[in-house]
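One structure is given below, encoded as structure tokens.
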Amino acid sequence: MLRLIHVENIKIYAQRRTQIILVLILAAILIMGFAIRSTVKPEANWKQELQQQNEQIQKELNNPESTMPEKVRSAFQLEMAKNQYLIDHDISPNEVTGWKFANTASNLMPLITVFAIMVAGDSIAGEFSSGTINLLLIRPVRRIKILLAKYVSTLLFALILLVALGVFSLLVGGLFFGFSGTLQPYVYTDASNQVRQMPMISKVLLTYGFKGIELWMMVTFSFMISSLFRSSGLAIGVSLLLAVVGSTIARALSSYSWDKYLLFANTDLSQYIEGQPIVEGTTMTFSGIVLLAYFVLFLFVTWLSFVKRDVHA
Amino acid sequence: MTKAVVIRNLTKKIGSKTIVDQLTFEVDRGEVFGLLGPNGAGKTTTLRMMVGLMSITEGEVLIQGSSVTRNFEQAMRHVGAIIENPQMYRYLSGYQNLRLFAQMIPGISRKEIKERIDKVVRFVGLEKRIHEKVKTYSLGMRQRLGLAQALLSRPSVLILDEPTNGLDPAGIHDLRNHLRNLAKEEGVAVIVSSHLLSEMELMCDRVAIIQEGKLVSLRSVHSGAIQGEETQEENRPVTVLFEVKAVERALSVLKESGIPEAVQVSRAGIEVQTRHAAIPDLNARLVEAGIGVYGIRIATKSLEQTFLEITRGSTNA
């Protein structure tokens, strides 16, 4: 089995595409590092600035002629509470550290997702479009083993990208802003609108963990489409489209009762730590079960269409 | 001894369409066996079922006694195959491609992988270019790499789907020699499909002619020509060519002997439909009548003639 995974790994890493991807990720992090360094705000006046911001928000809220919708109003109130918390606890929002940079760099996640989806979508379909599937499936190895090796190597690739993003960004962040800040407080509001804080290292690990789960689902989905339609283009296209507009769709449909069962209402588990869940009343356990159900479904469809179907001329 | 390949009542249905219909034949070790038929006759589908790329609706395929459906891994250990044009990973070198496939042989050691690759590369004569990327290869080189790939597992059954596609005459000649060698020297059972008759005549020991998924004829090939179906030698109907100068007289002599089917086919030749055993007698009559016989020749039907007769016949029927 290890040998089969090794074989699949070679197919991924021997392609020029993969090498370019890794270089692109590094480049994106470096650019982000330069961009953030050039916009770092001075430390001195941050309390005053936050104070001014809060006063402005207060004025807006007190304006009797304001037609501000309730949602925006409460968002402003949260903003104020958070600012006040920062002032009270003497936590500068302008201070950039290596760890904080690593957290910010997780915004490059869509890039990773695109690359991982490309490789996952190509994994099975690529063998069909190049015709190599004929030679692959006549080895004295059952199809289920080949499928498993392909899935594992695809996941491994996604994991490597995720770890690369984390490690590169810690390195770049450390070089640019110093390797400090593991315990720098990260301030956020939870579902009950309480302002809270946690050490930056926890925030970074949580962020990458949750993004990793999201990535896992997207890769599995793309892998399924790859097996189902035997077309790389379709697998990559559909998965990318869903990755981009998925959560928007989930939000748009949030008035329907079945919305909470949609994949994209559940993929981002960080919604249960920070801010409000997309669908009111769902919990992390609920989302976990929904994700698991989708996961099993995806793998079942993948298996069915890879192991049970004829390979035609 | 177990037969290398046993195919029993092999049937493939897709929807209501029957692509392959109750095919039954066996192939021995050391034999080159041809599947011949027009395009769409079901040759490729048959081969695809034999290597597990397509499921079997009915019947079974046994390779060295192991069923392809029930015991896939065991059966496929004995099989090397090229299905369609052998497509390789274009971004890898020929050598890297072979190593990928070799690594999928269960239980093979690193040392063995290297030895086997070196051996098959030498066999197909690709030593010079083996470390170049496959995308730089010509079609002929890719075919040779495909054969190398099929031989990696030291198969006792070699299955080749239209192996001469895209090969130049020299390449076809080489391939033919390779296959004959593998069959005769190493006892490999070779199964090839083709719609090219002349090739099958040169390559195969036996030929199965397939039409509309059915086996219509199973014949052996000797000295480059198809033989009649296995009937008694003396009673075998043959077409005989007599080379005579006095064609008119010869025709009337034969007519008197009760052979009305004699026809003139050339300035100095007549063709007679008769039985094998009757040839000496006919000759004697001609000689007795004072007609000089310059030559007697049995006209062997080429595979092409046979093929056309069989396939046209059943299409018209």
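The values are calculated or read from the model by the stated rules, or taken from the named source; none is laboratory data. Model, not experiment: these values are computed from the prediction. Here Cβ is always computed from backbone atoms with ideal geometry, including for glycine, and neighbour counts include all displayed protein chains.
Inspect all residues belonging to the range A:145-154 and state whether any of them is polar (S, T, N, Q), away from chain B (no Cβ under 14 Å) and either more than 25 Å from A:Ala235 (Cα to Cα) or part of a helix (DSSP H, G or I) (or both). Checked the range A:145-154: at least one residue is polar (S, T, N, Q), away from chain B (no Cβ under 14 Å) and either more than 25 Å from A:Ala235 (Cα to Cα) or part of a helix (DSSP H, G or I) (or both).
Suppose we keep only residues that are assigned to a strand (DSSP E or B) and closer than 19 Å to A:Ile36 by Cβ within the range A:186-211. Which one would you say is modelled with the lowest pLDDT? Checking each candidate, the answer is A:Val187. Can you go through B:Lys43, B:Lys13 and tell me which one is surrounded by fewer than 18 Cβ atoms within 10 Å (Cβ to Cβ), within 12 Å of chain A (Cβ to nearest Cβ) and touching a residue at least 12 places away in the same chain (Cβ under 8 Å)? Of the residues listed, the single one that is surrounded by fewer than 18 Cβ atoms within 10 Å (Cβ to Cβ), within 12 Å of chain A (Cβ to nearest Cβ) and touching a residue at least 12 places away in the same chain (Cβ under 8 Å) is B:Lys13.
Suppose the filter is in a helix (DSSP H, G or I) and acidic (Asp, Glu); does A:Asp310 pass it? Taking the combined requirement at face value, the residue does not satisfy it. So which residues in the range A:236-260 are surrounded by 15 or more Cβ atoms within 10 Å (Cβ to Cβ), over 25 Å from A:Leu111 (Cβ atoms) and among the hydroxyl-bearing types (Ser, Thr, Tyr), if there are any at all? The one that is surrounded by 15 or more Cβ atoms within 10 Å (Cβ to Cβ), over 25 Å from A:Leu111 (Cβ atoms) and among the hydroxyl-bearing types (Ser, Thr, Tyr): A:Ser254. Taking the range A:14-33 as the range and being away from chain B (no Cβ under 11 Å) and either of a type in the set (Gly, Ala, Ser) or touching a residue at least 40 places away in the same chain (Cβ under 8 Å) (or both) as the test, the residues that pass are A:Ile21, A:Leu22, A:Leu24, A:Ile25, A:Leu26, A:Ala27, A:Ala28, A:Ile29, A:Leu30, A:Met32, A:Gly33.
Scanning the range A:124-158 for residues that are farther than 22 Å from A:Thr18 by Cβ and not polar (S, T, N, Q) yields A:Leu137, A:Ile138, A:Arg139, A:Pro140, A:Val141, A:Arg142, A:Arg143, A:Ile144, A:Lys145. The single residue among A:Lys11, A:Lys59, A:Lys82 that is part of a helix (DSSP H, G or I) and in contact with a Phe, Trp or Tyr (Cβ under 7 Å, 6 or more places away or on another chain) turns out to be A:Lys11.
Looking across the range B:80-119 at every residue that is β-branched (Val, Ile, Thr) and without any contact (Cβ under 8 Å) to a residue 40 or more places away in the chain, the one that is nearest to B:Leu147 (Cα to Cα) is identified as B:Ile117. Report yes if some residue within the range B:49-60 is within 11 Å of chain A (Cβ to nearest Cβ), of a type outside the set (A, V, I, L, M, F, W, C), touching a strand residue (DSSP E or B) at 6+ places or on another chain (Cβ under 7 Å) and buried (at least 20 other Cβ atoms within 10 Å of the Cβ); otherwise report no. No, because not a single residue in the range B:49-60 is within 11 Å of chain A (Cβ to nearest Cβ), of a type outside the set (A, V, I, L, M, F, W, C), touching a strand residue (DSSP E or B) at 6+ places or on another chain (Cβ under 7 Å) and buried (at least 20 other Cβ atoms within 10 Å of the Cβ).
Candidates B:Leu35, B:Leu53, B:Leu47: the one that is among the hydrophobic types (A, V, I, L, M, F, W, C), in a strand (DSSP E or B) and at pLDDT 90 or above is B:Leu35.
Would you confirm whether any residue within the range B:169-188 is within 14 Å of chain A (Cβ to nearest Cβ), touching a helix residue (DSSP H, G or I) at 6+ places or on another chain (Cβ under 9 Å) and surrounded by fewer than 19 Cβ atoms within 10 Å (Cβ to Cβ)? No, the range B:169-188 has no match at all. The set of residues in the range B:107-129 that are in a loop (DSSP other than H, G, I, E, B), within 11 Å of chain A (Cβ to nearest Cβ) and surrounded by 13 or more Cβ atoms within 10 Å (Cβ to Cβ) contains only B:Ile108. Within the range A:33-55, one or more residues are buried (at least 16 other Cβ atoms within 10 Å of the Cβ) and in the same structural domain as A:Leu161 (by TED's automatic domain parsing).
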